[in-house]
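What follows is a single structure, written as structure tokens, with notes after it.
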Amino acid sequence: MCEINEAFVKDLHGFLQPEQVLLHEPMKEHTTFKIGGNADYLIFPADVEQAAHILRLIARYEIPLTILGNGSNVLVLDRGIRGAVVKFNHPMSSIRVEGERIVVGAGALLKDVSAAAADAGLTGLEFACGIPGSIGGAVFMNAGAYGGEMKDVVASVRSVTREGSSQERQAAALDLGYRQSVYQRNGEAICEVTLSLAHGDRRDIEARIADFTARREAKQPLEMPSAGSTFKRPTGYYAGTLIQETGLKGLTVGGAQVSLKHAGFVVNTGTATAADVLQLIREVQRRVKEAHGVELHPEVRILGEE
């Protein structure tokens, strides 16, 4: 935990509401894992202009910056995050349908965007109906499920650089690959995403969403806090299958457990610390490498200080 820069906070309060700036905020309240120490500053922009102004201030005061979406694919470490966390969620969650395109604020949840597409009779985003992330985070990670991924539907992205200038990139410039995008390298904040879909039969779209939802609920430990799939898919294998075949379902370190429902998930049984999760991840990696000769790499982003 660092000393608060009062001048920085005063400048933030010059254009943000009090609820948009939280100090020494526990990140366990803002991630789906329900784990993590405090962020020095947690800031919620409400539009692109605010986001740009916030990032300019952060750069001016030379404060470390972490950009976060819904907090669904992250593990915040036990000592928290130094500097400012800029979190894109409900204040920037607009969804606007324009013909076969949908323009979405970075904080909109994927399930809500998928539902809006279905309501408009637009197909292509059914795969995202159960991914527990924001649209900005989904582009950042090129999220995917059930044979679809964000690179299939993203037309363009509006972002803000760390110096506070606005950028717009078309799909070809996003470098969307397996769990990767250009934003993992350039550090820009994704603010708005335009999706390109196609008209379809609403009943067929809703049927696919219902099918994907049922499959997800049957197979994944949605009733327990987690960060989603813990490991990236190794070439030629499935991480969950390797972990299960190694006999690691139910393996526990402190309050962290390899899910009994799906071995690809590490879950928080209620008292897990980030240290528990890291130790469990390392033990799973060690045993899978020993048993199968395959290296597992975390998909979850690990943020903050141990």
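The values are calculated or read from the model by the stated rules, or taken from the named source; none is laboratory data. Since this is a predicted model, take the numbers as computed values, not measurements. So basically every Cβ, Gly included, is an ideal-geometry build from the backbone, and we count neighbours across all protein chains shown.
Structure above, values below:
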quantity: Set ILE67, ILE54, ILE58, ILE35: member being of a type outside the set (Lys, Arg) and either surrounded by fewer than 19 Cβ atoms within 10 Å (Cβ to Cβ) or in a strand (DSSP E or B) (or both); calculated: ILE67
quantity: Subset of the stretch 64-92 [polar (S, T, N, Q) and modelled with pLDDT of 95 or more]; calculated: THR66
quantity: Restricting the stretch 222-250 to residues that are touching a Leu at 6+ places or on another chain (Cβ under 7 Å) and without any contact (Cβ under 8 Å) to a residue 40 or more places away in the chain, the residue that is farthest from GLU290 (Cα to Cα); calculated: GLY250
quantity: Unique match (being over 25 Å from GLU305 (Cα atoms) and part of a loop (DSSP other than H, G, I, E, B)) among THR241, THR194, THR235; calculated: THR235
quantity: Matching entry among VAL48, VAL85, VAL104, VAL74 (being crowded, with 18+ Cβ neighbours inside 10 Å and in contact with a helix residue (DSSP H, G or I) (Cβ under 6 Å, 6 or more places away or on another chain)); calculated: VAL104
quantity: Exclusive hit being surrounded by fewer than 14 Cβ atoms within 10 Å (Cβ to Cβ), outside the structural domain of PHE33 (by TED's automatic domain parsing), of a type in the set (A, V, I, L, M, F, W, C) and more than 30 Å from CYS2 (Cβ to Cβ), set ALA291, ALA263, ALA198; calculated: ALA198
quantity: Any hit, the stretch 202-216, residues being touching a residue at least 24 places away in the same chain (Cβ under 8 Å) and assigned to a loop (DSSP other than H, G, I, E, B); calculated: no
quantity: Where ALA189 falls short, out of the listed (1) surrounded by fewer than 24 Cβ atoms within 10 Å (Cβ to Cβ); (2) at pLDDT 95 or above; calculated: (1)
quantity: Selection from the stretch 91-120 of residues that are of a type outside the set (A, V, I, L, M) and over 14 Å from the mean Cα position of the chain (by Cα); calculated: PRO91, SER93, SER94, ARG96, GLU98, GLY99, GLU100, ARG101, GLY105, ASP112, SER114, ASP119
quantity: Single residue of GLY250, GLY264 found to be more than 27 Å from CYS129 (Cβ to Cβ) and touching a strand residue (DSSP E or B) at 6+ places or on another chain (Cβ under 7 Å); calculated: GLY250
quantity: Selection from the stretch 18-38 of residues that are of a type in the set (S, T, N, Q) and within 21 Å of GLU3 (Cα to Cα); calculated: GLN20, ASN38
quantity: Qualifying helices (runs of 4 or more DSSP H) (wholly inside the stretch 104-188; at least 1 residues being in contact with a Cys (Cβ under 7 Å, 6 or more places away or on another chain), touching a residue at least 12 places away in the same chain (Cβ under 8 Å) and of a type outside the set (Asp, Glu)); calculated: 110-119
